[in-house]
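Report on the structure given below.
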Amino acid sequence: RRHWTRFSRAIESAMARNFFSLSLKRLEAWKNTGTRLQRWGGGGGGRRRKLMITAGLIGGGGGLLTISGISYAEEASPRATGTKRPSHFYIVGDIGGTKSRIQMYRSDQELKEERLVAAKTFPSQEYGSLTTILEEFIAENKEAMGRHSARACVMAVAGPVELNRVYMPNTNWNLDGEEMAKALNINKVVLMNDFVGVGYGILGLDKQDYISIQDKPCNPRGPIVVFGPGTGLGQAYLTCDGRREYTVWPSEGGHADWAPRTNEEMRLWHFLKNRIRNRMRVRGSIVEVDHVSNERVISGSGIADLYDFFRGEHPEFIDPKLEMKMNHMDKSAVVSIHGAKNDNFLCRMAMEQWARSFGQAVGDLALAYMPTGGIYIAGGVTPKNMQILEETNLTKWINAKGRLSKTMESIPIFVVKDKVPVGLIGSRVVARRVLRELYPTEEIHVEGQPKNRLESELFLEKQYPEIIHDFGM
């Protein structure tokens, strides 16, 4: 700890003289004896001062760094000599069982200026592999790339990823990131779960991409939770490394138990359990159904099941014309539309139950993670049903946690707007981090935390005084 403190103070001193900029996180990767760290500092007359720090490894297996030499050199800057700095091409994608959305970007070295080179959506079912899709996409844009090749490729895929490998059951694709990198001649291909991509996408959102439904100040280092009802119920959480950079962790919390609280909800629990058991028997499964998950209630398909439950509870309110409409359209969508209009009793009952369960699940997440950095609600279902969530007072059900209700009221909550491609945004965030790893000597800027939030430095003073005082934040 003493060596790191001494090292960081020397770095801070150099930074204070405006000689160079360097993140301590990057130094952790440079624990090789004799590593030379080079950065450009200020200079005049078309020349720039270069600070060179030699870092040595001491303390044996402890891996402690110390500075063994600092020197300066005057050299002409690339800009002054007219040298053209190379650019990065990288590819990102949001890959589902139905469609695969692919984008290519070109940027300068520091990733400060970027432009979209190409974007295309491919029908996933018509291709034998994701590699084939990417080969076609790259070939179509070969002229725009010139002699360059893509340096990084990040794909958010619908499936559980382990060791950069994933099987996508909806397409029957077996994907291996390393094999794809070789086949496509790309430095690095990263595969990540699609909802992990949504988590990283939170870091790349702009202010206009979300709305605040519980406007409270965020802890700049606090945990963040992402909650996303859609076809299923995605969840993820983000933790900060103490230097304003977040990492996303996958979660299967959507399969946690849905907890009934009233006699009516207990009847709903038995109804859903029997329905799940019957569906599994039709599919030939002999697995015993031992619980009802939040996903069964809050996902898009859960809305249709809620309608069927209330249909059985109150058959006198069945509307034959509406039922015929449900036979020709998406049932959950019909229930949602008429529940918002409040022109059908059964639809309204179903949507109010959905909203209450929605709030209950978000509140449970808040208790589990204490996300003082915020709760971000994403997914396609929420924006389409904001009216019913507002009318049923969503935050009331989120915060209804008894003795901890006041604590819940202090947690900031955001809803990502409809049609914001948060998965693709997340792939871009990760791609930029990959480029930083591939080219550590370049001053690459990456998204470390959500932008434009109402934050309170009071959290830092109270919870992280050592960061404030050690690094002058």
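When a/c is below 1.5 the answer is rounded, else prolate if a/b is larger than b/c, else oblate, so apply that to the stretch 86-165 with a ≥ b ≥ c taken from the square roots of the Cα gyration tensor eigenvalues. Mind showing how you got there, number by number?
Working: a/c = 2.16, a/b = 1.55, b/c = 1.39.
Prolate is the answer for the stretch 86-165, as a/c is 1.5 or above and a/b outweighs b/c.
Rounded to the nearest 0.05, what FRET efficiency do Ser301 and Arg147 give with R0 = 60 Å and r taken as the Cβ-Cβ distance? Could you check? The formula returns an efficiency of 0.75 here.
Distance between Cα centroids, the stretch 234-289 to the stretch 361-432: provide it in whole Å. Going from one Cα centre to the other spans 17 Å. The share of accessible area on the stretch 244-301 that comes from carbon and sulfur is 52 percent, using a 1.4 angstrom probe. Solvent exposure of the stretch 277-349 amounts to 57 Å² per residue of accessible area, where only protein heavy atoms count and the probe is 1.4 Å.
Here is the link list: Lys341/Lys419; Lys99/Lys341; Lys207/Lys396; Lys273/Lys406; Lys384/Lys451. Which ones come out longer than 30 Å on Cα distance? Before the final figure, lay out each step's value.
Details: Lys341/Lys419 22 Å; Lys99/Lys341 32 Å; Lys207/Lys396 25 Å; Lys273/Lys406 34 Å; Lys384/Lys451 24 Å.
Over 30 Å apart, Cα to Cα: Lys99/Lys341; Lys273/Lys406.
For the set Glu143, Glu126, solvent exposure ranked by accessible area (probe 1.4 Å, protein chains only) runs largest to smallest as Glu143, Glu126. Each Lys or Arg adds one and each Asp or Glu subtracts one; over the other residues with Cβ under 14 Å from the Cβ of Phe122, this totals -2. Would you mind counting up the charge near Ile318? Only other residues with Cβ under 13 Å from its Cβ, with Lys and Arg at +1 and Asp and Glu at -1. In short, -2. Rolling a 1.4 Å probe over the protein heavy atoms leaves Phe414 with an accessible area of roughly 10 Å². Take the Cα of Asn185, step 7 Å toward its Cβ, do the same at Lys417, and the gap between the two points is 4.1 nm.
I need the calculated FRET efficiency for the pair Phe317 and Met370, taking r as the beta carbon distance and R₀ as 51 Å, to the nearest 0.05. Kindly include the intermediate steps, with their values, before the conclusion.
Values: r = 42 Å, r/R0 = 0.82.
Plugging the Cβ-Cβ distance into 1/(1 + (r/R0)^6) gives 0.75.
Among rounded, prolate and oblate, which fits the stretch 91-237 when a ≥ b ≥ c are the square roots of the eigenvalues of its C-alpha gyration tensor, a/c under 1.5 means rounded, and a/b larger than b/c means prolate? Let's see the in-between values first.
Numbers: a/c = 2.00, a/b = 1.34, b/c = 1.49.
Cα axes put the stretch 91-237 in the oblate bin.
Counting only the backbone N, which residues of the stretch 132-147 are under 11 Å from the spot 7 Å out from the Cα of Val117 toward its beta-carbon? Residues passing the 11 Å test: 138-147.
Got a sec? Which residues in the stretch 144-159 would a label at Glu178 touch, if it sits 7 Å along Cα→Cβ and we count backbone N under 13 Å? Of the residues in the stretch 144-159, none has backbone N under 13 Å from the label point off Glu178.
Measuring with a 1.4 Å probe in the full set of protein chains, what accessible area per residue, in whole Å², belongs to the stretch 77-185? Walk me through the intermediate numbers first.
Numbers: 5920 Å² over 109 residues.
On a per-residue basis, 54 Å².
Is the stretch 371-450 best put as rounded, prolate or oblate by its Cα gyration tensor, with a ≥ b ≥ c the root eigenvalues, rounded for a/c under 1.5, and otherwise prolate when a/b is larger than b/c, oblate when not?
Values: a/c = 4.98, a/b = 1.92, b/c = 2.59.
Oblate, since a/c reaches 1.5 and b/c is not below a/b.
Could you rank His291, His255 by how accessible they are, 1.4 Å probe, largest area first?
Per-residue accessible area, sorted high to low, gives His255, His291.
Taking 0.36 nm per residue of sequence separation and removing the Cα-Cα distance, the Lys207/Met329 pair yields an extension gain of 40.4 nm.
Pulled fully out, how much extra length does the chain show between Arg261 and Leu454, if you take 0.36 nm times their separation in residues and subtract their Cα-Cα distance?
Value of the extension gain: 66.0 nm.
Listed peptides 180-186, 101-107 appear in the order 101-107, 180-186 once ranked by packing, highest mean of other Cβ atoms within 10 Å at the front.
The values are calculated or read from the model by the stated rules, or taken from the named source; none is laboratory data. Predicted model, so just to flag it, every value in this text is computed and none were measured. Positions of Cβ are generated from backbone atoms using ideal geometry, with glycine treated the same way; all protein chains shown enter the neighbour counts. Keep in mind that these areas ignore ligands, DNA and RNA; they rest on the heavy atoms of the full protein, side chains included. Shrake-Rupley method; radii C 1.70, N 1.55, O 1.52, S 1.80 Å.
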